[in-house]
1. Just a yes or no: is a residue in the stretch A:63-86 within 14 Å of chain B (Cβ to nearest Cβ) and either among the β-branched types (Val, Ile, Thr) or without any contact (Cβ under 8 Å) to a residue 24 or more places away in the chain (or both)?
2. For the stretch B:18-31, how many residues are surrounded by 14 or more Cβ atoms within 10 Å (Cβ to Cβ) and within 16 Å of B:SER63 (Cα to Cα)?
3. Please count how many residues of the stretch A:42-72 are surrounded by fewer than 16 Cβ atoms within 10 Å (Cβ to Cβ) and either charged (D, E, K, R) or in contact with a His (Cβ under 8 Å, 6 or more places away or on another chain) (or both).
4. Looking at the stretch A:4-21, is at least one residue within 13 Å of another protein chain (Cβ to nearest Cβ) and free of Cβ contacts under 8 Å to residues at least 60 places away in the same chain?
5. Grab the strands (runs of 3 or more DSSP E) fully contained in the stretch A:35-110, keeping just those with 3 or more residues being within 23 Å of B:GLU5 (Cα to Cα).
6. So in the stretch B:70-92, with the set limited to residues that are within 16 Å of B:TYR31 (Cβ to Cβ) and among the small types (Gly, Ala, Ser), which one is nearest to the other protein chains (Cβ to nearest Cβ)?
7. Do we find a residue being away from chain A (no Cβ under 14 Å), over 20 Å from A:GLY96 (Cα atoms) and acidic (Asp, Glu) anywhere in the stretch B:6-22?
8. Has the stretch A:20-27 got any residue that is modelled with pLDDT of 95 or more and in contact with a Lys or Arg (Cβ under 9 Å, 6 or more places away or on another chain)?
Amino acid sequence: DTAVSQTPKYLVTQMGNDKSIKCEQNLGHDTMYWYKQDSKKFLKIMFSYNNKELIINETVPNRFSPKSPDKAHLNLHINSLELGDSAVYFCASSHGNTIYFGEGSWLTVV
Amino acid sequence: ILNVEQSPQSLHVQEGDSTNFTCSFPSSNFYALHWYRWETAKSPEALFVMTLNGDEKKKGRISATLNTKEGYSYLYIKGSQPEDSATYLCASRPSGSARQLTFGSGTQLTVLP
């Protein structure tokens, strides 16, 4: 069973649309994250939630809104998609020092 | 050093060769250094987490060392195999942060049969 799963894996959508990426972890972890892989291939943190509460919110446009309905889920909703939002988005969870990543969601905005 | 830097950016070695690459990170307010192995279209897989200066960790043919005073870590692969081909990421976590890792851009290793 996949520990951190995110859907969809691939998403191609038009500018201006609103889309969501879902993430679920079955590890029982308290902390979940969204990372974005930028154009230079760096993984940069966007958000972190602990027990459904937002604890990190990096400088991310407010078109990006995370939602955590419960400890096992952290979904990422993006409004009014722009070309520059095209990237790979990774969900992750942790307990202690080790962070477990999902396989990534490839978002292409056309 | 303000960011996490990895070198080389990419590396090709022959099967059976041993290899190593470097991760440099800010030595001030250091808490932990993470190494991940990342194959395309798969999840980054945690290899090691190291916290103490002088730490050495080993997992099969892969090992890592840590120097927190000078801010660097080495990852070694002994007797490289084609299945070792992947991108190796390191990430530094400073003390006092809410588990906020800063990643390097990775070293892409290709092992040629």
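1. No, that holds for no residue.
2. Taking the stretch B:18-31 as the starting set, the residues that turn out to be surrounded by 14 or more Cβ atoms within 10 Å (Cβ to Cβ) are B:19-27, B:30-31.
Among the residues that remain, those that are also within 16 Å of B:SER63 (Cα to Cα) are: B:19-23.
Looking only at that region, the number is 5.
3. Qualifying residue count for the region: 7.
4. Restricting attention to the stretch A:4-21, the residues satisfying the condition of being within 13 Å of another protein chain (Cβ to nearest Cβ) are A:4-6, A:9-10.
Filter again for free of Cβ contacts under 8 Å to residues at least 60 places away in the same chain, leaving none.
No.
5. Numbers: elements: A:43-50, A:53-57, A:64-70, A:73-78, A:87-95, A:98-101, A:105-109.
Counting at least 3 such residues, we get A:43-50, A:87-95, A:98-101.
6. The extreme case among them is B:ALA91.
7. yes
8. yes
The values are calculated or read from the model by the stated rules, or taken from the named source; none is laboratory data. Just so you know, these numbers come straight off a predicted model, no measurement behind them. Glycine gets a Cβ as well: all are built from the backbone with ideal geometry, and neighbour counts include every protein chain shown.
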